[in-house]
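Q: Sending over a structure as structure tokens; questions will come in a sec.
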Amino acid sequence: MVSLEPNANADSGNGANQEIRILLGYHGALVRSALAEVLSGQDDLTVVGELARADDVPAVAPRARAHIAVLDIMLPGTVRVSELCTTLLECPVLVVLDRRSCARFGRSLAQLAPRVGLISTDATTAGLVRSVRRLVGGEAVLDPELALMVLRPAHPMLTERECEVLRCAANGMTAKEIATSMCLSAGTVRNYLSRILAKLGARTRIEAIRIAQDAGLI
């Protein structure tokens with residue numbers, strides 16, 4: 001779903017009102033519409049595009065002449081929002097993410113400041129508006145709550161044995177196959193996997209693998 005403001009191809013708004021043109025990408029239609037209304041309710045802010053998929057961002061951002069993209073980290077698509085942050089050069093990106101997503105992406109995204117800003121899903125609408133203005137103005141934006149997570153270790157380090165178990169799991173091996181390969185009992189492997197999930201704050205084995213890969217642990 002791609003929704004563009006009717007006059008999205010108009011002048012980019014560097015006139016007296018200093019209009020800030022916003023491309024908004026959020027995974028839920030109801031929340032997306034509510035955020036668009038809040039942002040466009042400001043005298044100096046205009047939402048010029050509403051997107052439901054990350055794939056549409058690279059094409060729509062220049063066409064809408066957006067000054068900033070506000071993107072939900074969970075925006076669906078074949079391309080991740082975290083990847084867009086490194087490739088989208090048309091405008092700065094304000095990423096909206098929760099604590100779990102911050103543990104996974106926060107450290108790498110924070111290194112892209114001030115072109116990329118981070119704001120928590122728990123932020124107030126006033127905080128969102130303020131962050132948009134600051135990021136467009138060239139300031140670094142990092143939500144205080146998320147900053148604490150970025151600055152502290154993302155998660156307890158895995159032991160070499162735990163990394164080995166997770167590497168096997170990443171290769172598609174079952175607990176029984178891992179046990180045979182590592183000369184362990186299946187119960188011991190399951191215990192390793194349980195500890196790994198707890199350390200990484202993951203809900204599933206697949207999520208744990210992704211977190212460990214993003215962190216360079218496996």
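Quick note: the coordinates plus some simple rules give every number you see, no bench work behind them. Since the structure is predicted, the reported quantities are computational estimates derived from the model, not experimental observations. Glycine gets a Cβ as well: all are built from the backbone with ideal geometry, and neighbour counts include every protein chain shown.
Q: Given bins 10 angstrom wide, list per bin the percent of all Cα-Cα distances in the stretch 115-154, short to long.
A: Cα pair-distance distribution for the stretch 115-154, in percent: 31, 53, 16, 0.
Q: Shifting gears a bit: Which helices, counted as full DSSP H runs in the chain, have an axial Cα extent of no less than 18 Å and a Kyte-Doolittle average of -1.0 or above?
A: Numbers: long enough: 186-200 (21 Å, 0.27).
Qualifying helices: 186-200.
Q: A follow-up question, please. Between T188 and C163, what is the spin-label point distance in nm, taking each point 7 Å from the Cα along the Cα→C-beta axis?
A: Label-label distance for T188 and C163, simple model: 2.0 nm.
Q: Of the listed peptides 54-61, 197-204, what is their order by residue-averaged count of other C-beta atoms within 10 Å, with the highest listed first? It would help to have the intermediate numbers written out before the result.
A: Working: 54-61: 19.2, 197-204: 15.6.
Most protected by this proxy first, the peptides run 54-61, 197-204.
Q: With the chain treated as a Gaussian network of Cα nodes joined by springs under 10 Å, which of L71, L158, L128 yields the largest mean-square fluctuation?
A: Result: L158 has the largest fluctuation of those listed.
Q: I would also like to ask the following. Using every alpha carbon pair in the chain, what percent of pairs falls into each 10 Å bin from 0 up to the bin containing the largest distance?
A: Reading the bins upward from 0: 8, 31, 28, 17, 11, 5, 1, 0.
Q: Now, a different point. Give, in nm to one decimal, the length gained when the segment between A29 and R210 is fully stretched (0.36 nm per residue of separation minus the Cα-Cα distance). Let's see the in-between values first.
A: On the way: separation 181, 0.36 × 181 = 65.16 nm, distance 2.72 nm.
Working it through step by step, the gained length comes to 62.4 nm.
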